[in-house]
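What follows is a short report on a single structure.
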Amino acid sequence: MVALGIHELTADWASAKWLLWIGLYLSLGLLVPWAMTRAWAHQHHSPLQPRLKQVFQNGELGLVSLMLAISVIWDLQKSQYTSYTIALGSVFLAITGIMAGAVWIESYCRRSTGTRFRPDRAWRDSRNLTLLVFSLAIVTEILLDRFGKVTAL
Amino acid sequence: MSASAPALAKQSHPALAMRLADPAATLAYVSFLFGLLLVVFPVSFPRIIVQNWQNARLTPIVILFTVSLNLALYLGVAHQRSSKPGILAAACLGSVPVFLLAGLNFLLQATIAHTLSGNIPNALARVDEEILAHTYFALIAAIFGPFLVIRLGQQFRKTDP
């Protein structure tokens, strides 16, 4: 029942948009903020040399994940999948995105109210949930790429 | 000594409080593996999924895989934290994937019937892609869903997970 030939799917992997998309999110979402802190420290002659973990220690990665999930939901909405598949994917991406964002919210609330706050746990939670959202986003973009090629045939 | 023993046992093995980050990393690896198989075997991997779906073997296989993985994850976290696994959580881990996957399978069948009944060009290839996307989302939902239910259920307890 698989009606696609291997050439239709693999001939233009080099032009696969999801590879560029991954690179954009990794660089703009993670590396640029980290590099900017280093640049700031250099400009102000500060000994500050934070690691990626320290930059995102309050669960800020959860916010990056939420933005990532929103962009993939937007791509899903624009696709020609059936409404059922779009709804399933969108709801699931939204739930994981919200849960990742909730790590930062919980962290903020704990710090603001003086409730027991553990930066290592906030970092671990946001890192794991970001990894999940990121993997979901990559595979969804791959599926969208495949489906786009099928509809174009 | 004997009177304080149950209290001591209770104190040394508190009820397990799950966090969504616990299964998230494993789930991400499952998702990455699915994506990798899709990229490396762009024709044969989807064909295997579609053929198994047509033979009605896909849903039982996915149920078996997700329930086993969920229980392994739950017991692994319980062992790691020296906490006591809850019977309600175990029941949730066993039942939610079954209901979820069976329900989603019914919806997929309705979607496919709708797609095939319409006058859509290249309908068979579209159906294959729909099955592939559905399998992926259902697999991830069946692993993440029970832990989400458990996590939300913990909000009713007076604990600080």
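The values are calculated or read from the model by the stated rules, or taken from the named source; none is laboratory data. The structure presented is a predicted model; accordingly, all values stated were derived computationally and were not measured. As a convention, Cβ positions derive from the backbone with ideal geometry for all residues, glycine included, and neighbour counts pool all protein chains shown. Remember, those area values only see protein heavy atoms, side chains included, never the ligands or the DNA or RNA. Shrake-Rupley method; radii C 1.70, N 1.55, O 1.52, S 1.80 Å.
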Nearest 10 degrees, 0 to 90: helix A:83-113 Cα axis against chain A principal axis: 0 degrees
The protein assembly as shown - convex hull of the alpha-carbon atoms, volume per residue in Å³: 161 Å³
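What are the semi-axes of the equivalent ellipsoid of segment A:6-152, taken as the square roots of 5 times the eigenvalues of the Cα gyration tensor, listed largest first and rounded to whole Å?
Values: eigenvalues 228, 84, 19 Å².
Three semi-axes, in Å: 34, 21, 10.
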Estimated buried accessible area (total), pair A and B, 1.4 Å, Å² to nearest 100: 4100 Å²
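Under 8 Å for C-alpha pairs, at least 6 residues apart: give me the relative contact order for segment B:92-150, rounded to a whole percent.
Numbers: 29 pairs, mean separation 36.3, N = 59.
Dividing the mean separation by the residue count of segment B:92-150 yields 61 percent.
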Shielding score for B:120-130, defined as the mean number of other chain Cβ atoms within 10 Å: 6
Tally of Lys pairs whose C-alpha atoms are under 17 Å apart, taken over the protein assembly as shown, 8 or more apart or cross-chain: 6
Cα-based helix-to-principal-axis angle, B:58-80 vs chain B, degrees rounded to 10: 20 degrees
Taking all pairs of distinct alpha-carbon atoms in chain B, Kirkwood radius in angstrom: 17.9 Å
Loop-located trypsin sites (Lys or Arg not before Pro) in segment A:17-89, at most 11 other Cβ atoms within 10 Å (DSSP): A:51
Shielding by other protein chains, B:37-44, mean Cβ within 10 Å: 5
Distance in nm between pseudo-label sites at residue B:116 and residue B:25 (7 Å out along the Cβ direction from Cα): 4.4 nm
Spacing of the two label points (7 Å from each Cα toward its C-beta) at residue B:37 and residue A:41, in nm: 4.3 nm
Label-to-label distance, nm, for residues given as residue A:54 and residue A:34 (7 Å Cα→Cβ offset): 1.3 nm
Calculated P(r) of segment A:65-153 - Cα pairs past 22 Å, %: 37 percent
Calculated FRET value between residue B:47 and residue B:95, using beta carbons and R₀ = 30 Å, to 0.05: 0.45
